[in-house]
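What follows is a set of notes on a single structure, which appears directly below.
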Amino acid sequence: MWSRLVDATAPPERLAAFRIAVGIFTVTYLTIRFPVFWGLADKSPSAFAGVGPLGWRDEPLPDVLIKGTLITALAGGVAMTLGYRHRISAPLFAVSVLVLTAYRSSWGQLLHFENLFTLHVVLLAVFPAADAWSLDARRSGGRRRDPTTYGLALQLACLCVVTTYVIAGIAKLRLGGGEWALGDTLRNHIAYSAVRLDLLGADGSPLAGPVVRNAWLLPPMATLSLVIELAAPVALVGRRLRNLWVASAWAMHVGILALMLIGFPYPLFFVAFAPFFALERLVGRIAPRLAVHDEVSAASDTAEDGRAGARRPAGGIACVRSRR
Amino acid sequence: MRRAVRSTAVVGVLAALVAPVVADRDSFPLSTYPMYARNRSTEVSFVTAQGVRGDDDLVPLSLGTIGDSDDPLVVAGELRAAIRRDEADERCREIAARVDDDNIEHVEVVTERHDTVVRLEGGESLIRRSVHAQCEVDT
């Protein structure tokens, strides 16, 4: 396991594909939520209590700074996605996103669905994620570094994902105990979510009522959810286990959305799971023209792997391949 | 990249991710992920705001009217925080200013305690209701 984490190799196209996926997701998210982030400038100052990187502040940031950060984040996000001046645009994007999401969570409600993509954006800012499939690569001819550099970035992204799920599972055991999995806790959470929406003038899930009336369904579902969260590290072990875990985790999020109308868009759109897969091959399949015309193609991937002394597994193994 | 550097990076990231759990302190973007982790009773207190018509009938308000947001987590969290800070009156006036219904005469910021399962089963679920603030709707 340790060697898989530390000695993994990957071609630059894989990290580039992850950069593009995270960039598109985050820029789209910021664009859709633009009114929410823009409106943070108008909130009551007394409600502010800084969290995370803003934990040192007990009063809101100046309005112009928040609005400027939002504009900077969008511009930096587009630049990072295109791989334009990555060494500047990616850190700028990361700092902007970190400040915006932390700021949004500083008004009395931590929004946990923004954690993982924020961590991934920060991670991408400290790695050379624009060595391929980028404007930088077109300009410079595409620098290729030690494949362990790209492998490490992807493995750390995977580590963020699996650790997040394990921590969520541990929290349920720590705070809820066995009752969470075997008792009525899940039923009560589903009922709580539906009634909360109802009392706040929104519609709850139409499935909440039928499921709560057939509560015998829920302890097995709760147990399965807990197993999925705690078993997340298996996704780092091998291809089949990775596929099984990713499919299970995604299905769990679909279930949460269906029963509680709580959407975690980052995993639901598969972007959270992107670093587990050889995305460059997928891109090569669905966009062959892109793969052919780009200077750094799937063919060079093979050469890179050979140089790194790695054996090409069928279809790419869990996260990225180990060098040893 | 040297192996020692890669090892340090892995250990460092893992330590940072686990640190909130060790410290038992939820934050952002490093978290203990406590959402929906606690056991929950069927009896729950909810904060919300409701419109009141001339005949004293209660009218549900929309998420946008209550919290100027489409996110129930944000709306409920901010309303709860306002009540905790003893700012329910101020929040009530903000909500009343967003009401766009001529039949609503005033707004109440309330905590209602419900049996959630009974409510989903179609029964009478309200156990207790307390009003934190009441304010007129300007017509």
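At a glance:
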quantity	calculated
HN-Hα J in Hz across the range A:184-192 - Karplus 6.51, -1.76, 1.60, θ = phi - 60°, x for Gly and Pro	9, 4, 5, 4, 5, 5, 5, 5, 4
The range B:43-136 - charge dipole about Cα centre, Lys and Arg +1 at Cβ, Asp and Glu -1, debye rounded to 20	420
Accessible-area ranking of A:223, A:81, largest first, probe 1.4 Å	A:223, A:81
Positive-end extreme of charge dipole, chain B - chosen from B:19, B:64, B:106 (charges on Cβ)	B:19
Residue B:8 paired with residue A:241, simple spin-label distance in nm, labels 7 Å along Cα-to-beta-carbon	3.0
Exercise: per-residue mean of other protein chain Cβ atoms within 10 Å, B:76-84	4
Two-site label geometry, residue B:134 and residue A:174: point separation in nm, points 7 Å out along Cα→Cβ	4.4
Inter-centroid distance (Cα atoms) of the range A:262-281 relative to the range B:61-139, Å	37
Trypsin sites (Lys or Arg not before Pro) restricted to DSSP loop in the range A:44-128 with at most 16 other C-beta within 10 Å	A:57
Accessible area (Å², 1.4 Å probe, nearest 10) - residue A:121	0
Charge dipole (the protein assembly as shown, unit charges on Cβ, about Cα centre) - positive-most of A:248, A:52, B:123	A:248
Chain A: relative contact order in percent, alpha carbon pairs under 8 Å with at least 6 residues between	25
For residue B:99, solvent-accessible area (1.4 Å; no DNA, RNA or ligand), Å²	20
Difference of contour (0.36 nm per residue) and Cα-Cα distance, residue B:84 to residue B:39	13.9 nm
Among A:36, A:77, A:66 - extreme Cα towards positive end, dipole of chain A, charges at beta-carbon	A:77
Mean accessible surface per residue for the protein assembly as shown, computed with a 1.4 Å probe while every protein chain stays in place, in Å²	43
In Å², nearest 10: area of residue B:57 left accessible to a 1.4 Å probe	70
Degrees between helix B:72-84 axis and first principal axis of chain B (Cα, 0 to 90, nearest 10)	80
Charge dipole (debye, nearest 20) of the protein assembly as shown; +1 at Cβ of Lys and Arg, -1 at Cβ of Asp and Glu	3560
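The values are calculated or read from the model by the stated rules, or taken from the named source; none is laboratory data. All values derive from a computational prediction rather than experimental measurement. Ideal geometry is used to build each Cβ from the backbone, glycine not excepted, and the neighbour counts take in all protein chains shown. Areas reflect the complete protein model, heavy atoms only, side chains present, ligands, DNA and RNA absent. Shrake-Rupley method; radii C 1.70, N 1.55, O 1.52, S 1.80 Å.
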